[in-house]
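Each remark here refers to the structure printed beneath this line.
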């Protein structure tokens, strides 16, 4: 049985992937039947290049896609990579700091309102 899957290449901590057709039982770096495309998750904008005609041909011939490859192909067909590239990643710490800053602003505004009320009441 044949599978369409991602084959890791590149150095440690900076993996690039090839989309390949490979025998199901072969090792990770085993003999490749056909090279279909490339995927670079680190590049901005995200880079995914695959020959969809070849993929269709192999699927018709009985090759099965891994879940990851299937989702990448689905995203590329729907144009979702552009949406992912537009998104800004915000860390949890930045979100927490932003929430604390908003809370501090609210309390400061409330304190100013109470001070104004107290000042208005004194002269009277």
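The values are calculated or read from the model by the stated rules, or taken from the named source; none is laboratory data. In this text, all values refer to a predicted model and were calculated from it rather than measured experimentally. Cβ sites come from the backbone with ideal geometry, for glycine too, and all protein chains shown count toward neighbours.
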Within segment 40-59, the residues that are modelled with pLDDT of 90 or more and touching a strand residue (DSSP E or B) at 6+ places or on another chain (Cβ under 8 Å) are 54, 55, 58, 59
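Just need a number here: residues in segment 50-63 that are in a helix (DSSP H, G or I), surrounded by fewer than 12 Cβ atoms within 10 Å (Cβ to Cβ) and touching a residue at least 40 places away in the same chain (Cβ under 8 Å).
Number satisfying all stated conditions: 0.
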Under 7 Å between Cβ atoms, which residue pairs at least 6 apart in sequence (or on different chains) link something in segment 1-25 that is over 25 Å from residue 53 (Cα atoms) with a partner that is at pLDDT below 90 and in a loop (DSSP other than H, G, I, E, B)? 14/42
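Within segment 15-24, does at least one residue satisfy the condition of being in a loop (DSSP other than H, G, I, E, B) and farther than 15 Å from residue 71 by Cβ?
Within segment 15-24, one or more residues are in a loop (DSSP other than H, G, I, E, B) and farther than 15 Å from residue 71 by Cβ.
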Is one or more of the residues making up segment 99-112 over 16 Å from the mean Cα position of the chain (by Cα), surrounded by 11 or more Cβ atoms within 10 Å (Cβ to Cβ), modelled with pLDDT of 75 or more and in a helix (DSSP H, G or I)? no
Total residues in segment 35-63, condition under 23 Å from the mean Cα position of the chain (by Cα) and closer than 16 Å to residue 23 by Cα: 2
Please go through segment 32-44 and pick out each residue that is within 15 Å of residue 68 (Cα to Cα), in contact (Cβ under 8 Å) with a residue 24 or more places away in the chain and outside any loop (DSSP other than H, G, I, E, B). 36, 39, 40
Here are some conditions: (1) without any contact (Cβ under 8 Å) to a residue 12 or more places away in the chain; (2) out of contact with any helix residue (DSSP H, G or I) (no Cβ under 9 Å at 6 or more places or on another chain). Residue 47 meets all but one. Which one does it not meet? (2)
